[in-house]
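Enquirer: Shown below is the structure under consideration.
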Amino acid sequence: MPITLSLREAIVHKVHDKSDDQLREMIEGSVDGPEAALPGLGAIFEMIWKNTEPAKQEELIQIAQEHLHTIPVQPLS
């Protein structure tokens, strides 16, 4: 009988036993990498978000806002 995992479960399974250095390498290898890596980063961010105090969440929002406003956006056509 095949095992069915959600994307979140598969990502947690993939990174569960990684050392700090291995996790950093995986994250850094995914940043600016292929778009296929984005769901993994999203799942990792979700774990971070859920386990972060509201003040730190606000800091993350501010960091995102600062960087979003520096990226030129092309109009959708």
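Enquirer: Out of the residues in the stretch 31-66 that are not β-branched (V, I, T) and not in a helix (DSSP H, G or I), state the one that is surrounded by the most Cβ atoms within 10 Å (Cβ to Cβ). Break it down stepwise before answering.
Expert: Here is the first cut: in the stretch 31-66, the ones not β-branched (V, I, T) are 32-43, 45-47, 49-51, 53-60, 62, 64-66.
So of that shortlist, the ones also not in a helix (DSSP H, G or I) come out as 32-34, 51, 53.
Values: D32: 7, G33: 13, P34: 8, N51: 8, E53: 8.
Selected residue: G33.
Enquirer: If you don't mind, there's one more thing I want to ask. Hey, could you check the stretch 1-25 for residues that are open to solvent by 100 Å² or more (accessible area, probe 1.4 Å) and aliphatic (A, V, I, L, M) and say which is farthest from the chain's Cα centre (by Cα)? Even if it seems obvious, please write down each step before you answer.
Expert: Within the stretch 1-25, the first condition is being open to solvent by 100 Å² or more (accessible area, probe 1.4 Å), and the residues that meet it are 1-4, 7-8, 13-14, 16-17, 20-21, 24-25.
If we keep only those that are aliphatic (A, V, I, L, M) too, we end up with 1, 3, 7.
Details: M1: 31, I3: 24, L7: 13 Å.
Restricting to residues being open to solvent by 100 Å² or more (accessible area, probe 1.4 Å) and aliphatic (A, V, I, L, M), the top hit is M1.
Enquirer: Can I ask one more? Could you list, in sequence order, all residues of the stretch 14-30 that are assigned to a helix (DSSP H, G or I) and under 13 Å from M47 (Cα atoms)?
Expert: Step one: filter the stretch 14-30 for residues assigned to a helix (DSSP H, G or I), giving 14-15, 20-30.
Of everything in the stretch 14-30, just one residue is assigned to a helix (DSSP H, G or I) and under 13 Å from M47 (Cα atoms), namely V15.
The values are calculated or read from the model by the stated rules, or taken from the named source; none is laboratory data. Owing to the predicted nature of the structure, the values given are computational and were not obtained by experimental measurement. Quick reminder, even Gly has a Cβ in these numbers, built from the backbone with ideal geometry, and neighbours come from all protein chains shown. Side chains included, ligands, DNA and RNA excluded: accessible areas come from the protein's heavy atoms. Shrake-Rupley method; radii C 1.70, N 1.55, O 1.52, S 1.80 Å.
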